[in-house]
Amino acid sequence: MPISEELFERARRVIPGGVNSPVRAFRRLERAPFFVARAQGAHLWDEDGREYIDYVGTWGPAILGHAPACVMEAVQRTVPNGLGYGIPTRVEVDMAEHLCRRVPGMQMVRMTNSGTEATMSAVRLARGFTGRPYIIKFAGCYHGHADSLLVSAGSGALTGGQPDSAGVPPEFAALTIVLPYNNPAAVEQAFKQYAGKIAGVIVEPYPGNAGFYLPKPGYLQFLRDITAREGALLIFDEVMTGFRISTSGVAGKEGITADITTLGKVIGGGLPVGAFGGRRDIMECVAPLGPVYQAGTLSGNPVAMAAGLAQLTHLEEHDCYGRLEALGARLEEGVRAALHDLHLPFTFKRSGSMFCLFFTEQDVVDLETASSGSFPMFKQYFLSMLEQGVYVAPSPYETGFISTSHTEDDIDRTTAAMRNALAALAK
Ligand SMILES: *Cc1c(COP(=O)(O)O)cnc(C)c1O
């Protein structure tokens, strides 16, 4: 039996589903996940010695590829001084200054240990600052697994949210209004119906958790304008897109400044880090300055800060975004050529190093259209790619990530594998 399968059998006895985060279990794919032994650059090696070109990139953080020299060096430099003290350190100030310099509207920032903590705290802060109870989120946008945000598909645009998870009483989710993305009228209507009661709108400015798709022109500006007009806060959840789409995230690229921005993934350089920050008067509500409580035993951990800062500094000092765009464009060209040649009408979305192939002919603009793809086709495609040594995310609802470590040759081998996998579907 392959070593990965043996490990998975052991894992399933002692870890729910054998994994520490659900998508890793490959459940709907009817095969065991592979267990990784090591990774370098754009490549992974599993416990059975098989090599893969990786487009999951630790689900976003590995923008320089795995184990980049600058990050490894920062960790090795920091570790001999101790792993953390729970007392302020210099590197936390360096990190906060870097984030405030780069992220539009970020005047103060608080570090957390995950994206979930960052978004949960941002929502608490929006409620504490405005003194209002309701939050608007969009169907298909993922903001971590805090109770009030684990709500995706409300039955109607303006009915109270239906909890996605058992263990979230409807009462907990009743203050979360779930609306379709890219639909300004729904937002207008909610602000009318809940006048003076909406604390904020939380949004993935480029949604990357139901596949990857983009805002219609003017949509993010509309959210900026209506929240400002209504005295609600605009929260950009850039946990995935921050320092991925540009050094200043989607906000910088689109020229829109949110009131609060949440970060994670890339800013930790592969270690567990999140952050939320924004306008000074809002952030001054956070404890110990203000009444909104938020804390963390390991928050601002010096090893994690050093790793993250090394990655962010590298991104700033080299032309990484130019390279990521060039690699992304090369991949897109190859995919589009294959789809064209094989007469497959599938939808492909990309911005820079983020991409998604949807097994549907519909344009994808929200959760409904993102869910219109064929799962059996995705499954066949995924298994074929894996067989050919290319690891794309094991779910049709995930974004693909390119790193600066991918080579032109990696991209060309990938598009050749895609062409093979898609050709089998065209038959
Ligand atoms: C990954 C993600 C989160 C949650 O971050 P974790 O570190 O997994 O808790 C929140 N928001 C968005 C947009 C994400 O992509």
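The values are calculated or read from the model by the stated rules, or taken from the named source; none is laboratory data. Being a predicted model, the structure only gives us computed values, none of them experimental. Don't worry about glycine lacking a Cβ; one is built from the backbone with ideal geometry, like all the others, and counts go over all protein chains shown. Only protein heavy atoms, including side chains, enter the accessible area calculation; ligands, DNA and RNA are left aside. Shrake-Rupley method; radii C 1.70, N 1.55, O 1.52, S 1.80 Å.
Normalised by the number of residues in the chain, the mean separation of alpha-carbon contacts (under 8 Å, six or more apart) gives a relative contact order of 21 percent. Computed from the C-alpha gyration tensor, the three semi-axes of the ellipsoid equivalent to the chain are 33, 27, 21 Å, from longest to shortest.
Put the Cα centre of region 382-422 next to the Cα centre of region 1-52 and the gap is 18 Å. The dipole here belongs to the chain: it is taken about the Cα centre, uses +1 on the Cβ of Lys and Arg and -1 on the Cβ of Asp and Glu, and is about 740 debye. Hey, which of these cross-link pairs are over 19 Å Cα-Cα: K265/K349; K192/K216; K137/K349; K253/K349; K265/K379? With Cα atoms farther than 19 Å apart: K265/K349; K192/K216; K137/K349; K265/K379. Multiplying the residue separation of L344 and A228 by 0.36 nm and subtracting their alpha-carbon distance yields 37.4 nm.
How many percent of the accessible area of the chain is carbon or sulfur, using a 1.4 Å probe? Intermediate values should be presented prior to the final figure.
Details: 9580 of 18020 Å².
Its accessible area is 53 percent carbon and sulfur atoms.
I'd like the FRET efficiency for R50 and A326, computed as 1/(1 + (r/R0)^6) with the beta carbon distance as r and R0 of 45 Å, rounded to 0.05.
Efficiency for this residue pair is about 0.95.
In region 1-146, if the dipole is taken from +1 on Lys/Arg beta carbons and -1 on Asp/Glu beta carbons about the Cα centre, which of F138, M95, P33 is farthest to the positive end? With unit charges placed on the Cβ atoms, the residue in question is F138. Summary value for region 281-380: 14 percent relative contact order, contacts being C-alpha pairs under 8 angstrom separated by 6+ residues. The amide H of A37, built 1.01 Å from its N in the peptide plane, has W45, D46, E47 as neighbours under 5 Å, considering only residues 5 or more places off or on other chains. The residue list T360, A122, A416 was ranked by how far each Cα lies along the charge dipole of the chain toward its positive end, using unit charges on Cβ atoms, and A122 comes out on top. Taking all protein chains together and rolling a 1.4 Å probe, F8 ends up with roughly 20 Å² accessible. The residues D366, D147, sorted by heavy-atom accessible surface at 1.4 Å with ligands and nucleic acids left out, run D147, D366 from largest to smallest. Spacing of the modelled spin labels on I87 and A37, each 7 Å from Cα toward Cβ, amounts to 4.3 nm. Over the chain, accessible surface divided per residue gives 42 Å², non-protein components excluded, 1.4 Å probe. Charging the Cβ of each Asp and Glu at -1 and of each Lys and Arg at +1, and nothing else, the dipole of region 1-151 about its Cα centre rounds to 680 debye. Taking a sphere under 13 Å around the Cβ of L234 and counting the other residues whose Cβ falls inside, with K and R at +1 and D and E at -1, yields a net charge of -3. Peptide packing for 303-312, 287-296 was compared via the average number of neighbouring C-beta atoms within 10 Å per residue; ordered from the highest value, the list is 303-312, 287-296.
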